Amino acid sequence: MSIAPAELESLRPQLLKYARLQLRNEAWAEDAVSETLLAALERPDGFAGRSQLKTWLVGVLKHKLVDQIRRNCRELSSSREDEEDLDEQLFDSTGHWREAPGDWGSDPEQALRQLDFMRVLEACVDKLPGQQGRLFMMREWLELDTEEICKVLAISPTNLWVMLHRARLRLRECLELNWFAGAGPGAAA
């Protein structure tokens, strides 16, 4: 099946946005997208037409993103915020919420389908500190398994789970403030 270069170029901005979210590094994102588009041009027979071109390209891009992370894992570093204990801030000594989470509405699945919600979620993910954001993206969006993430970043499974827990708590807090608490659509604070 033939792939038109113009069609690839029209999908480039969407692929780049996805790569930026995953890698949080403009140069790495550009490299991953360029490698993806080059692979599509060099091996158009890889696209059999069983899915949309964009879906196939995102699949190729996921592999290129993992390659970028592997190549640059020495540059990935944790920040002081990665080590903060949010549990103490959000839970009391008995394990109960210090401040109960707000009502997320009667149909949270409807909120997930809203484009504005996705924008707020992306902004919240983008604001995760250092390694937390990277680990969250690798696990939840790139769908890498624990073993792969730990191998690539040279961390223990326990460390991974603690950091994912902290990332999820931060995301919850950000979504509470910027979406569910009535702030509605808008950029994350």
* **Label-point separation, residue 39 to residue 9 (7 Å along Cα→Cβ), nm** => 2.3
* Please give the length that would be gained between residue 158 and residue 21 if that part of the chain were fully extended, namely 0.36 nm times their separation in residues minus their C-alpha to C-alpha distance (nm, one decimal). => 46.9 nm
* In terms of modelled amide H atoms, which long-range or inter-chain residues lie less than 5 Å from the amide H of residue 91? -> 98
* Structure fact -> In the structure shown, of 17/54; 54/127; 62/151, the pairs separated by more than 23 angstrom at the C-alpha atoms are 54/127
* Structure fact -> Rounded to the nearest Å, the spacing of the alpha-carbon centers of the stretch 30-71 and the stretch 129-149 is 19
* What FRET efficiency do you get for residue 96 and residue 116 if R0 is 41 Å and r is their Cβ-Cβ distance, rounded to the nearest 0.05? -> 0.80
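Determine, from the Cβ-Cβ distance of residue 88 and residue 146 and an R0 of 30 Å, the FRET efficiency 1/(1 + (r/R0)^6), rounded to the nearest 0.05.
Working: r = 25 Å, r/R0 = 0.84.
About 0.75, to the nearest 0.05.
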* Asked: Please state the relative contact order of the stretch 119-184 as a whole percent: Cα pairs under 8 Å, 6+ residues apart?
  -> 41
* Asked: Tell me, what HN-Hα J-couplings in whole Hz come from the Karplus equation 6.51 cos²θ - 1.76 cosθ + 1.60 at θ = phi - 60° for each residue of the stretch 153-169, using x for Gly and Pro?
  -> 9, 6, 10, 7, x, 4, 4, 4, 5, 4, 5, 5, 4, 4, 4, 5, 5
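Any read-out appearing in this document is the output of simple, stated calculations on the displayed coordinates, not a laboratory observation. Computed from a predicted structure; not experimentally measured. When we count neighbours, we look across all protein chains shown, and the Cβ atoms used for this are built from the backbone with ideal geometry, even at glycine.
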